[in-house]
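The values are calculated or read from the model by the stated rules, or taken from the named source; none is laboratory data. None of the values given here were measured: they were computed from a predicted structure. Cβ placement follows ideal geometry from the backbone for every residue including glycine, while neighbour counts extend to all protein chains displayed.
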Amino acid sequence: MKNETYTQNNYTVSTDSSRLDLAFIHGYLSRSYWAEEIPLAVVEKSIENSLCFGVYNNDAQVGFARVISDYSTFAYLADVFIIEEERGKGLSKWLMECIMKHEQLQGLRNFCLLTRDAHTLYEKYGFKNLEKPQNFMAVKADNFYRKKN
């Protein structure tokens, strides 16, 4: 799969996985509400098996998202973030625009995500609550990575 790169002012969104800063991504995810205390090895493996989007201010990574997909019928959007210092600049919207227009993610029957608090962002890109949430099922272990005391 070819890498895609989008630029806007000093910012870049790129799918080139060689640019990803694993320590940066792990540092953010390990303190996030959805992946608290996630091990570095799990982050590395998830990146290896996903289409990843890095957001950069010049060369410094400031955001991330990844998509798990078969590139024909289904995709799942995960681990979307922009670091606190870069928020309020429209970067999350631009990142979503880049994801939604990515060549490999066109024509999907289902594109899903889970969010606790960013519904208004994702609604702008066609995501909506499930019409029949009772039809959706999952095996989920909450606080999976948190150390047991």
I want to confirm something. Restricting to the range 1-36 and keeping residues that are more than 14 Å from the chain's Cα centre (by Cα) and β-branched (Val, Ile, Thr), which single residue is nearest to residue 92 (Cα to Cα)? 12
Which numbered condition residue 14 misses (of (1) out of contact with any Phe, Trp or Tyr (no Cβ under 9 Å at 6 or more places or on another chain); (2) at pLDDT 95 or above): (1)
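So in the range 22-33, with the set limited to residues that are part of a loop (DSSP other than H, G, I, E, B) and surrounded by fewer than 16 Cβ atoms within 10 Å (Cβ to Cβ), which one is modelled with the lowest pLDDT?
Among them, the one singled out is 33.
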If you go through the range 40-60, how many residues are under 24 Å from residue 75 (Cα atoms) and touching a Ser or Thr at 6+ places or on another chain (Cβ under 9 Å)? 11
Report those strands (runs of 3 or more DSSP E) wholly inside the range 52-143 carrying at least 2 residues which are of a type in the set (Gly, Ala, Ser) and without any contact (Cβ under 8 Å) to a residue 60 or more places away in the chain. 60-69, 74-82
